[in-house]
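Down below is the structure, laid out as structure tokens.
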Amino acid sequence: MFLFKLLLKNAFRHKLRTGLTVLGLVVAICAFGLLRTIVDAWYAGVEGSSSTRLVVRSNISLTFPLPLNYAERLRSVEGVRQVSWSNWFGGVYITERNFFPQFAVDPATYLPLYPEYKIPEAERLAFLRDRQGVLVGRKLATKFDWKVGDQIPLRGTFYPGTWTFTLRGIWDGAEAKTDESQLLMHWGYINERVRQSARGRGRGDVVGVYIVGIDEPANAAAVAQRIDKQFANSLAETLTETEAAFQLGFVSMSEAILVAVQAVSLIIVVIIMAVMANTMTMTARERLAEYATLKALGFPPGFVVRLLLGESLLIAAIGGVAGLLLTWPLAAAFRSAAGTLFPIFQVSNLTMALQLAAALVVGLVAAAWPAWRMGRIDIVNGLRHVG
Amino acid sequence: MTPLIRIRHLSKGYVRGGQAIPVLLDIQLDVMQGEFVALMGPSGSGKSTLLNLIAGIDKPGSGSIEIAGVDIARLGEGALADWRAANVGFIFQFYNLLPVLSAFDNVELPLLLTGLSSRERHQRVAQVLNLLGLNDRADHYPNELSGGQQQRVAIARALVTDPTLIVADEPTGDLDRTTGEEVLGLLDALVQQLGKTIVMVTHDPKAAARAGRVVHLEKGVLVDDQPA
């Protein structure tokens, strides 16, 4: 108790210095948490993917479509339970700044593959009935203040022209990691319009990717092999992978940036560690005579070490907890500012634990050297420091 | 009667720039229980080094320092720290109080190394503060006290563990004459009334005159030892 009182009083002996050190820690721990959350958000698609879904795409590139008639052949592959498909629509809502993912899907087969999309039954049926209807995630609807029945005009890019859809339903994610930032429309409607248009002749009856439901996650590799074998040496060979691997493929395109972001988050922690080590070294030097006095009175070197480490850990803990608490509102503000850029943006438990651990490591490392030195201080030389 | 402090053939030196510099040479000294001894001498005479060796915060080059039958020159660092905590009270020229602790807490500090309960510690501190007339200053911090009051708190800290020996390094060096006299009166009272043994380093002949015995050192050699 006495020790805690002493280190508490020592910690706030120089209020300005301690305040600035805590401020530095708050900024560093907060930045560390935010940057980690950004990296997590990048991987959110991978996190939210299902282990019972495979994605089948063209072996050449994702931009090459697959024939519609592959659906029936996929259904016949051993281990395949369900088959659906989707096309990237890529429309613009008012301006390019309003980007959000839009997919043309086969609703009857697509929705059963995504049980994590929780849709009221009436809205689901309304969507199935209306070929110009669309479904959106809650986050997207909230962002644009859309309500069921609203008209949503999209300017086509891959599919030229203006497309006006009617919002028929809004889904809520079953889990926090479920994507609520997408828009789903009827593939059949898009395909029909494409086939009718002069520019679209020859472009119909193709799909971007097939989504395949399997019974057992453990069979994923075998089923994927069977699928790709089925279409080997055809005009459109396939590449089948788990949904997680498919999503990871997108993430890997920006891996260099993610590595840089992670490196910056660690560099920030190292910088604050150096700043705090400097603070603790100054503190120890100023109190040289006090530590020598304590040792003269009979306190063991370990007591002096505990005093310095304890003080450093206390300051680090205050900065760490304050930084952690500040991360939440900042992450919320960032999420709001980023809109649908990151489908899922939340500070994970792991990130919070790492923030606290980083703060404590900073506290320990910063005081390690001065504590070691003060523990070994020569009493006579230390006492001479007075006056 | 066996002396409390028994120093035999004590020598101490430093090596600087490859050159050996002797500080103390073959010191022989006995101090009896209840004596008040002043160590005097010019700067560099070795009086502070001798005091540090007696207090167990420095190690001799050779010789023995027996205090109450224990040769502290043979103790390791940990044992020496325990010995200091149990046997030595320190009074420094600049008081060396911890500025973040109140007078009460500063006096309590050495008691943390004893097995006393919190209640017992507080009783002891209150007694000692009362003895030194510091009751009304117990909650004051060092920067709220005058030099004389700070030195009285330091004396209380030296006394609170009821040590075998009190060492004082220029205890009046930072005080005005009147306050210095008061502090010397207190040290004298500790010897006369409580039977404490005090070894004090001083430059001031008037301060030395308050001790019962004055030991003079010059260039590391004990040159004179007589009653004050």
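The values are calculated or read from the model by the stated rules, or taken from the named source; none is laboratory data. Keep in mind the model is a prediction, meaning the values are calculated, not measured. Glycine also receives a Cβ, built like all others from the backbone with ideal geometry; neighbour counts cover every protein chain displayed.
In the stretch B:138-156, the qualifying residues are those that are surrounded by fewer than 19 Cβ atoms within 10 Å (Cβ to Cβ) and among the polar types (S, T, N, Q), and the one that is farthest from the chain's Cα centre (by Cα) is B:ASN143.
Name the residues in the stretch B:90-104 that are within 12 Å of chain A (Cβ to nearest Cβ) and among the aliphatic types (A, V, I, L, M), would you? Of everything in the stretch B:90-104, those that are within 12 Å of chain A (Cβ to nearest Cβ) and among the aliphatic types (A, V, I, L, M) turn out to be B:ILE91, B:LEU97, B:LEU98, B:VAL100, B:LEU101. If you go through the stretch A:340-387 and pick out every residue that is buried (at least 20 other Cβ atoms within 10 Å of the Cβ) and within 14 Å of another protein chain (Cβ to nearest Cβ), you end up with 4. Residue check: B:LEU129 meets all listed conditions (1) touching a Phe, Trp or Tyr at 6+ places or on another chain (Cβ under 8 Å); (2) in a strand (DSSP E or B); (3) crowded, with 18+ Cβ neighbours inside 10 Å; (4) away from chain A (no Cβ under 14 Å) but one, namely (2).
Residue-wise test of (1) among the polar types (S, T, N, Q); (2) at negative phi; (3) touching a helix residue (DSSP H, G or I) at 6+ places or on another chain (Cβ under 7 Å); (4) touching a residue at least 60 places away in the same chain (Cβ under 8 Å).
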position	(1), (2), (3), (4)
B:VAL88	no, yes, yes, yes
B:ILE91	no, yes, yes, yes
B:ARG124	no, yes, yes, no
B:LEU132	no, yes, yes, no
B:TYR141	no, yes, no, no
B:GLY148	no, yes, yes, no
B:ASP162	no, no, no, no
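Inside the stretch A:65-89, can you point out the residues that are within 30 Å of the chain's Cα centre (by Cα) and part of a strand (DSSP E or B)? Of everything in the stretch A:65-89, those that are within 30 Å of the chain's Cα centre (by Cα) and part of a strand (DSSP E or B) turn out to be A:GLN82, A:VAL83, A:SER84, A:TRP85, A:SER86, A:ASN87, A:TRP88. Reported count of residues in the stretch A:336-387, each being assigned to a helix (DSSP H, G or I) and not aliphatic (A, V, I, L, M), is 13. Scanning the stretch A:290-308 for residues that are surrounded by fewer than 21 Cβ atoms within 10 Å (Cβ to Cβ) and either in contact (Cβ under 8 Å) with a residue 60 or more places away in the chain or more than 8 Å from every other protein chain (Cβ to nearest Cβ) (or both) gives A:PRO301, A:GLY302, A:PHE303, A:VAL305, A:ARG306. Just to verify a result, which residue in the stretch B:62-89, among those that are surrounded by fewer than 16 Cβ atoms within 10 Å (Cβ to Cβ) and part of a loop (DSSP other than H, G, I, E, B), is farthest from the other protein chains (Cβ to nearest Cβ)? Within the stretch B:62-89, the match that is farthest from the other protein chains (Cβ to nearest Cβ) is B:GLY69.
The residues of the stretch A:172-221 that are assigned to a helix (DSSP H, G or I) and surrounded by 19 or more Cβ atoms within 10 Å (Cβ to Cβ), listed by number, are A:TRP187, A:ILE190, A:ASN191, A:VAL194, A:ALA220. Inside the stretch B:1-22, residues that are in contact with a strand residue (DSSP E or B) (Cβ under 6 Å, 6 or more places away or on another chain) and either of a type in the set (Lys, Arg) or loosely packed, with under 15 Cβ neighbours inside 10 Å (or both) make up a count of 7. Do we have A:ALA332 as surrounded by fewer than 17 Cβ atoms within 10 Å (Cβ to Cβ), at pLDDT 95 or above and more than 14 Å from chain B (Cβ to nearest Cβ) here? Answer is no for this residue.
The single condition among (1) crowded, with 21+ Cβ neighbours inside 10 Å; (2) away from chain A (no Cβ under 14 Å); (3) assigned to a loop (DSSP other than H, G, I, E, B) that B:ILE27 does not satisfy is (3).
Scan the stretch A:64-79 and give yes if some residue there is in the same structural domain as A:ASN191 (by TED's automatic domain parsing) and of a type in the set (S, T, N, Q), otherwise no. Yes, the stretch A:64-79 contains at least one residue that is in the same structural domain as A:ASN191 (by TED's automatic domain parsing) and of a type in the set (S, T, N, Q). Among the residues making up the stretch A:265-289, those that are of a type in the set (A, V, I, L, M) and within 14 Å of another protein chain (Cβ to nearest Cβ) are A:LEU288, A:ALA289.
Within the stretch B:169-218, restricting attention to residues that are farther than 20 Å from B:ASP30 by Cα and basic (Lys, Arg), which residue is surrounded by the most Cβ atoms within 10 Å (Cβ to Cβ)? Within the stretch B:169-218, the match that is surrounded by the most Cβ atoms within 10 Å (Cβ to Cβ) is B:LYS206.
Scanning the stretch B:38-57 for residues that are at the interface with another protein chain (Cβ under 10 Å from one of its Cβ atoms) and either over 19 Å from B:PHE90 (Cβ atoms) or of a type outside the set (A, V, I, L, M, F, W, C) (or both) gives B:SER48, B:THR49, B:ASN52, B:GLY56.
Scanning the stretch A:258-272 turns up at least one residue that is closer than 30 Å to A:ASN59 by Cα and not basic (Lys, Arg). Would you check which residues across the stretch A:102-120 are surrounded by 15 or more Cβ atoms within 10 Å (Cβ to Cβ) and in contact with a helix residue (DSSP H, G or I) (Cβ under 9 Å, 6 or more places away or on another chain) and list them? Passing the criteria: A:PHE103, A:ALA104, A:VAL105, A:ASP106, A:PRO107, A:THR109, A:TYR110, A:LEU111, A:TYR117, A:ILE119.
This table checks each residue for (1) surrounded by 19 or more Cβ atoms within 10 Å (Cβ to Cβ); (2) modelled with pLDDT of 95 or more; (3) not hydroxyl-bearing (Ser, Thr, Tyr).
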residue	(1), (2), (3)
A:VAL22	yes, yes, yes
A:ALA41	yes, no, yes
A:ARG53	yes, no, yes
A:SER61	no, no, no
A:ARG75	no, no, yes
A:GLY91	yes, no, yes
A:ASN98	no, no, yes
